[in-house]
1. Give me the residue from region 4-47 that is of a type in the set (Ser, Thr, Tyr) and not in a helix (DSSP H, G or I) and, out of that set, surrounded by the fewest Cβ atoms within 10 Å (Cβ to Cβ).
2. On the given criteria, is residue 156 among the polar types (S, T, N, Q), surrounded by 16 or more Cβ atoms within 10 Å (Cβ to Cβ), at pLDDT 95 or above and assigned to a strand (DSSP E or B)?
3. Can you tell me which residues in region 110-121 are more than 19 Å from residue 1 (Cα to Cα) and in a strand (DSSP E or B)?
4. Residue under question is residue 71, and the condition is that it be closer than 23 Å to residue 6 by Cα, assigned to a strand (DSSP E or B), at pLDDT 95 or above and of a type in the set (Gly, Ala, Ser); does it hold?
5. For residue 97, state whether it is buried (at least 16 other Cβ atoms within 10 Å of the Cβ), modelled with pLDDT under 95, under 24 Å from residue 16 (Cβ atoms) and not basic (Lys, Arg).
6. Quick one: in region 128-145, which of the residues that are farther than 21 Å from residue 82 by Cα and exposed (fewer than 14 other Cβ atoms within 10 Å of the Cβ) is farthest from the chain's Cα centre (by Cα)?
7. For region 90-101, enumerate the residues that are of a type outside the set (D, E, K, R), in a helix (DSSP H, G or I) and over 14 Å from the mean Cα position of the chain (by Cα).
8. Given the residues 104, 124, 161, which is the only one that is hydrophobic (A, V, I, L, M, F, W, C), in a strand (DSSP E or B), touching a residue at least 12 places away in the same chain (Cβ under 8 Å) and in contact with a helix residue (DSSP H, G or I) (Cβ under 9 Å, 6 or more places away or on another chain)?
Amino acid sequence: MRPFEDSDASAFTTAVRESALTVGRWMPWCHANYTLPDALGWFEVCRSGASAGTAHEFGIFDEQTSEFLGGAGLNQINLQHAYCNLGYWVRQSRHRQGIAARCVRALADHAFKALELQRVEIVVALGNEPSFGVAQKSGAMLECVARNRLLIHGNSVAASVFSLIPA
């Protein structure tokens, strides 16, 4: 994982479009008409969040080939209460390879050690079985199902709330 660079925009756009039917079901920004300017705009949001200390978003790349695999990050950072949200997505062609689970573990470690947070939450819409499985495989504890927790495609949906805390 590393911060996005503008030169990643084309690969990012291709991966988003490839994943519109799977990832896009749960993440409305992921759609078949995603554009290069959309990617560049997202990268700017990522840089702004990092500068403000409110988010740390990263691109996921294959260690051997440098292929763009997806994105993962810590966001909604609340320093007063020492917690944040952790999100992830992996392009459709690379699903079920353990990529997201490895990223979750690495990001949680970063949250606890570098950022000195005490809680990391993973919020998964009900029905999003792949993401639910990633949270479980990562060792996150399922705490509850929260009603109307997420807004997806204009609809309020319930979500499973997982947590990770320092060992």
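1. Restricting attention to region 4-47, the residues satisfying the condition of being of a type in the set (Ser, Thr, Tyr) are 7, 10, 13-14, 19, 22, 34-35.
With not in a helix (DSSP H, G or I) added as a condition, the list becomes 19, 22, 34-35.
Numbers: 19: 24, 22: 17, 34: 21, 35: 12.
Here the residue is 35.
2. Numbers: among the polar types (S, T, N, Q): yes; surrounded by 16 or more Cβ atoms within 10 Å (Cβ to Cβ): no; at pLDDT 95 or above: yes; assigned to a strand (DSSP E or B): yes.
For residue 156, the condition - among the polar types (S, T, N, Q), surrounded by 16 or more Cβ atoms within 10 Å (Cβ to Cβ), at pLDDT 95 or above and assigned to a strand (DSSP E or B) - is not met.
3. Of all residues in region 110-121, those more than 19 Å from residue 1 (Cα to Cα) come to 116-119, 121.
Correct list: 119, 121.
4. Details: closer than 23 Å to residue 6 by Cα: yes; assigned to a strand (DSSP E or B): yes; at pLDDT 95 or above: yes; of a type in the set (Gly, Ala, Ser): yes.
Yes, satisfied.
5. Values: buried (at least 16 other Cβ atoms within 10 Å of the Cβ): no; modelled with pLDDT under 95: yes; under 24 Å from residue 16 (Cβ atoms): yes; not basic (Lys, Arg): yes.
The answer is no for residue 97.
6. Of the residues in region 128-145, the ones farther than 21 Å from residue 82 by Cα are 128-134, 136-137, 145.
This time we only want the ones that are exposed (fewer than 14 other Cβ atoms within 10 Å of the Cβ), so: 129, 145.
Numbers: 129: 15, 145: 19 Å.
Taking the candidates together, the pick is 145.
7. Quick first cut of region 90-101, residues of a type outside the set (D, E, K, R) only: 90, 92-93, 95, 97-101.
With the extra rule that they be in a helix (DSSP H, G or I), the set shrinks to 92-93, 99-101.
Those that are of a type outside the set (D, E, K, R), in a helix (DSSP H, G or I) and over 14 Å from the mean Cα position of the chain (by Cα): 92, 93.
8. Values: 104 fails: in a strand (DSSP E or B); 161 fails: in contact with a helix residue (DSSP H, G or I) (Cβ under 9 Å, 6 or more places away or on another chain).
The conditions single out 124.
The values are calculated or read from the model by the stated rules, or taken from the named source; none is laboratory data. These figures come from a predicted structure and were not determined experimentally. Positions of Cβ are backbone-derived with ideal geometry, glycine not excepted, and every protein chain shown enters the neighbour counts.
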